[in-house]
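A quick write-up on the structure given underneath.
The values are calculated or read from the model by the stated rules, or taken from the named source; none is laboratory data. Every value quoted in this text rests on a predicted model; they were computed, and no experiment measured them. Backbone-built Cβ (ideal geometry, glycine too); neighbour counts: all protein chains shown. Side chains are part of the model used for accessible areas, which takes the heavy atoms of the whole protein and leaves out ligands, DNA and RNA. Shrake-Rupley method; radii C 1.70, N 1.55, O 1.52, S 1.80 Å.
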Amino acid sequence: MTAEAKAEEAGHARWTFRLRVSSTARTALMGEWDRCRWIWNESVAKSRDVHLHNKATGEKRTCGPARLDKMLTEARKRTAWLRGGSSVPQQQLIRDFGKSRAKAQKDIKDRLPMARRAGMPRWKKKREARPSLSYTRRGFRLKDGRLHLAGASC
C-alpha cells in the first residue's frame, strides 16, 4: 500500500468534550456565552428588519454572513463588553446563524410541509437556551494537559 493510498483513506476526526471547570472558569465561559447570545439575538433582529424592509419597499436586500460580520465588527468597536471576549466563537456563531437561516429559506422555497421545515432562527433566551460555544482549530489549544481558549483570561 502506498503512502498516497493511505492519505486517501484518512478522514477527518471530530471530537466533543465535556469539561468540569472551576467556578472562575465557569463564570468566564458564561460571560462568553452571554456575548455570543447577544450577537445571535442581534443577528435575528437584523434579519427580521431586512425582511420587513424588503416586504415594505419591494427591494431585494439580503442579510448574509458578510453583512453580519460587518455588524459584529462595528459592535466590537463600540462596546468594550463585547471586545472583552474572543472573536473566534462570535464569528463561528455568525456562520452558524447563516447556515440556519439559509436552511430555513431553502425549506420555504422548496415548499416543504410545515412539520418538516426548519424554522427561521429565533431569539435565544438566557434561561431557555442551553449554553454552548463553538471554537475553530485556532480558537483553542492543549498545553501541558490544560485547555487554553482564545481570548480567555482564566
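Listed values, structure above:
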| quantity | calculated |
| --- | --- |
| Residue pairs meeting the criteria (Cβ under 9 Å; at least 6 apart or on separate chains; first within 16 Å of Lys124 (Cβ to Cβ), in the stretch 84-106; second among the β-branched types (Val, Ile, Thr) and open to solvent by 10 Å² or more (accessible area, probe 1.4 Å)) | Pro89/Thr136; Gln92/Thr136 |
| Scan of the stretch 116-139 for residues that are hydrophobic (A, V, I, L, M, F, W, C) and within 16 Å of the chain's Cα centre (by Cα), ordered by number | Met120, Trp123, Ala129, Leu133 |
| Test: residue in the stretch 44-53 that is in contact with a Ser or Thr (Cβ under 9 Å, 6 or more places away or on another chain) and in contact (Cβ under 8 Å) with a residue 24 or more places away in the chain | no |
| Residue in the stretch 45-67 that is at pLDDT below 85 and polar (S, T, N, Q) present | yes |
| Unique residue being open to solvent by 90 Å² or more (accessible area, probe 1.4 Å) and in contact with a Lys or Arg (Cβ under 8 Å, 6 or more places away or on another chain) when the list is Arg138, Arg83, Arg116 | Arg83 |
| So Glu59, is it more than 26 Å from Gly151 (Cα to Cα) and either open to solvent by less than 90 Å² (accessible area, probe 1.4 Å) or assigned to a loop (DSSP other than H, G, I, E, B) (or both) | yes |
| Residue list for the stretch 73-115, restricted to those being farther than 16 Å from Leu29 by Cα, under 12 Å from the mean Cα position of the chain (by Cα) and of a type in the set (Ser, Thr, Tyr) | Ser100 |
| Enumeration of residues in the stretch 119-135 that are within 18 Å of Ser43 (Cα to Cα), open to solvent by less than 70 Å² (accessible area, probe 1.4 Å) and of a type outside the set (Gly, Ala, Ser) | Pro121, Lys124, Leu133 |
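Every residue, every condition in (1) part of a strand (DSSP E or B); (2) more than 19 Å from Thr16 (Cα to Cα); (3) at pLDDT below 85, yes or no:
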{"site": "Arg101", "(1), (2), (3)": "no, yes, no"}
{"site": "Lys106", "(1), (2), (3)": "no, yes, no"}
{"site": "Pro121", "(1), (2), (3)": "no, yes, no"}
{"site": "Pro131", "(1), (2), (3)": "no, no, no"}
{"site": "Ser134", "(1), (2), (3)": "no, no, yes"}
{"site": "Leu142", "(1), (2), (3)": "yes, no, yes"}
{"site": "His148", "(1), (2), (3)": "yes, no, yes"}
